[in-house]
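Only one structure is covered here, and it is reproduced in the block below.
Just so it is clear, none of the values below were taken in a lab; they were calculated from the coordinates. Everything numeric here is computed off the predicted structure, so don't read it as measured data. Positions of Cβ are backbone-derived with ideal geometry, glycine not excepted, and every protein chain shown enters the neighbour counts.
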Amino acid sequence: MILLRWIVAILLCGWLGQYPLAMLVPNLVMERVYSKIGEVADYNQLNVTPRVDENSRWVVRPSPDLLYASCLYNLEQGSIVISAPVPERYWSMQFYQMNTDNFAGITNQREQHSRVGTQVEVTLVGPDANPAEYSGKVIQSPTTRGIMLLRASAIGDHSQAKSAIENSSCTVKLKHVTS
């Protein structure tokens, strides 16, 4: 009978402990990534990552088939404007909040293929901002800090993708524009 109580107690503690663990681990992971990238890049600026190889581990197993750029954003001083040319082959702009949730994304795939050859310009605003006060494409971040990740295909001739990544930008926009 004592053994059964111990088993029930252990299972109950494990079941109750999984929720706090599931809430805590993603935040710890993102804080680690944010600080690790922050050691080599400034906040609210685009950081173009050198082409990854078998030794690259700034994130868990980055793909050698992709070119990467990131922008660690902090919206305390205002919104930021992210501008990027869209190449013909695979390209993606993804936004992550500090618990690793992907809350927005833009790509040149499937129904968004019409973006190829255009310049995407996004104003990223904080959780307390009113998106209606800004013009153009506006994305509201659920958190003040996070990461924007640009990816483009590096398979074969990737000169167009490399140029698109290198000609992208992430800059602070201190004042908003009323439409």
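Couple of notes before you dig in:
- Cross-link partners for K173 among the lysines, with Cα-Cα distance under 22 Å and sequence neighbours closer than 8 places in the same chain left out: K137.
- Pair Y90, A132: separation of 7 Å Cα→Cβ label points (nm): 4.0
- Sequence-distant aspartates and glutamates (8 or more away, or on other chains) whose Cα lies within less than 20 Å of K162: D53, E54, D65, E88, E121
- Burial ordering of M148, M98, fewest other beta-carbon atoms within 10 Å first: M98, M148
- Exposure proxy ranking for R89, R5, based on other Cβ atoms within 10 angstrom of each Cβ and starting from the fewest, stands as R5, R89.
- Modelled spin labels at W6 and S114, positioned 7 Å past Cα toward Cβ, are 6.7 nm from each other.
- Per-residue Cβ neighbour rank within 10 angstrom, fewest leading, R151, R51: R51, R151
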